[in-house]
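Notes for the one structure printed next.
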Amino acid sequence: MSRSRLFPYWFLAPALVLFLIFTVYPVAASFILSFQKFEAGSYAFNGLNNYIRLFNDEIFWTALKNTFIIFVFQVPIMLLLAIVLAGALNSQLLKLKGFFRVSFFLPAVTSLVAYSILFSIMLQEEGIINNALSYLGIAAVPWLSDGFWAKASIILAMTWRWTGYNMVIFLAALQNIPEEIYEAASLDGAGKIRQFFHITIPQLKPVILFAGTLSTIGTLQLFDEPFNLTKGGPADSTMTLGLYIYQNGFEYFQFGYASAIAYVVVVLVAILTFIQFKVAGDR
């Protein structure tokens, strides 16, 4: 048996079977489900009606708009902060590097539900943040009861949680940039800021693309923060695609329609990822 050409596949078989059962089958089944509707106790073929309904659904377009607003503001801010923090923690002048790295990365391993509840408590009308603002003579901010501030709260919470995660990715990439490049640039008279934009950023380009792609996928699937902080309110101002899929699937039990929305998200992720790769260039 050990001499057979099929022998390696016996080792791959358990992982392959699990992959087929828990990944390939659900993906295929949900795609078929997106063309079906539950009627008279069973699912029946519904053609393109779920997709037609989707494009006429005002709440879907609201969720799409909210998701893109959060994406456009949160992802660039988070990646910029992550790069700046990674650069600071990579400095030879900084002491206690291990402490700061763990401190910034710690939010990434915090439970999604726990940190969402923490922020919901902090952002209440009489929460710790508004109390701090009142001591400074600033009026209380309706963080969770106003549409604009509710989006800002979600952006704030996401940035707090995921900046450290991306910082670690950028930090690992920074440590692989040869120090000789910076030394040569210093000899040529380039300052720290010029080195950052002409050496660090170009060297980090593949990693920025990688982090940006992961962040894009994560934001388009955004669910935990709006679900735990605002429940999609007020007046659907924080309704996201992920939360709308959940509502249709597990609250209204319209799994066919929820699957159709999910595949629209898949198409959007593919388009945005393609654009990011084209903007970044072939390298």
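When ILE181 is tested against (1) in contact with a helix residue (DSSP H, G or I) (Cβ under 6 Å, 6 or more places away or on another chain); (2) in a helix (DSSP H, G or I); (3) open to solvent by 20 Å² or more (accessible area, probe 1.4 Å); (4) touching a residue at least 40 places away in the same chain (Cβ under 8 Å), only condition (4) is not met.
If you go through region 98-113 and keep only what is assigned to a helix (DSSP H, G or I) and open to solvent by 50 Å² or more (accessible area, probe 1.4 Å), you end up with PHE99, PHE100, ARG101, VAL102, SER103, PHE104, PHE105, LEU106, VAL109, LEU112, VAL113.
Report, by residue number, each residue of region 226-243 that is of a type outside the set (Gly, Ala, Ser), open to solvent by less than 10 Å² (accessible area, probe 1.4 Å) and either assigned to a loop (DSSP other than H, G, I, E, B) or farther than 20 Å from MET122 by Cα (or both). Passing the criteria: THR238, MET239, THR240, LEU241, LEU243. Screening GLY189 on (1) assigned to a helix (DSSP H, G or I); (2) at pLDDT below 90; (3) over 26 Å from GLY98 (Cβ atoms) shows it passes everything except condition (1).
When you check ASN56 against the structure, is it surrounded by 12 or more Cβ atoms within 10 Å (Cβ to Cβ) and not hydroxyl-bearing (Ser, Thr, Tyr), yes or no?
Criteria not met by ASN56.
Do you know which residues across region 35-80 are without any contact (Cβ under 8 Å) to a residue 12 or more places away in the chain and part of a helix (DSSP H, G or I)? Of everything in region 35-80, those that are without any contact (Cβ under 8 Å) to a residue 12 or more places away in the chain and part of a helix (DSSP H, G or I) turn out to be ILE52, PHE55, GLU58, TRP61, LYS65, PHE68, VAL72, PRO76, LEU80. Residues in region 122-155 that are out of contact with any Pro (no Cβ under 8 Å at 6 or more places or on another chain), open to solvent by 80 Å² or more (accessible area, probe 1.4 Å) and part of a helix (DSSP H, G or I): ILE128, TYR135, PHE148. Do the conditions hold for PHE38, that is, is it exposed (fewer than 15 other Cβ atoms within 10 Å of the Cβ) and either under 20 Å from GLY249 (Cβ atoms) or of a type in the set (S, T, N, Q) (or both)? For PHE38, the condition - exposed (fewer than 15 other Cβ atoms within 10 Å of the Cβ) and either under 20 Å from GLY249 (Cβ atoms) or of a type in the set (S, T, N, Q) (or both) - is not met. Within region 213-225, one or more residues are among the aromatic types (Phe, Trp, Tyr), under 23 Å from PHE119 (Cα atoms) and either part of a helix (DSSP H, G or I) or free of Cβ contacts under 8 Å to residues at least 40 places away in the same chain (or both).
The values are calculated or read from the model by the stated rules, or taken from the named source; none is laboratory data. Source: prediction; values computed, not measured. Glycine gets a Cβ as well: all are built from the backbone with ideal geometry, and neighbour counts include every protein chain shown. To get the accessible areas, we keep the full protein, side chains included, count just its heavy atoms, and leave off ligands, DNA and RNA. Shrake-Rupley method; radii C 1.70, N 1.55, O 1.52, S 1.80 Å.
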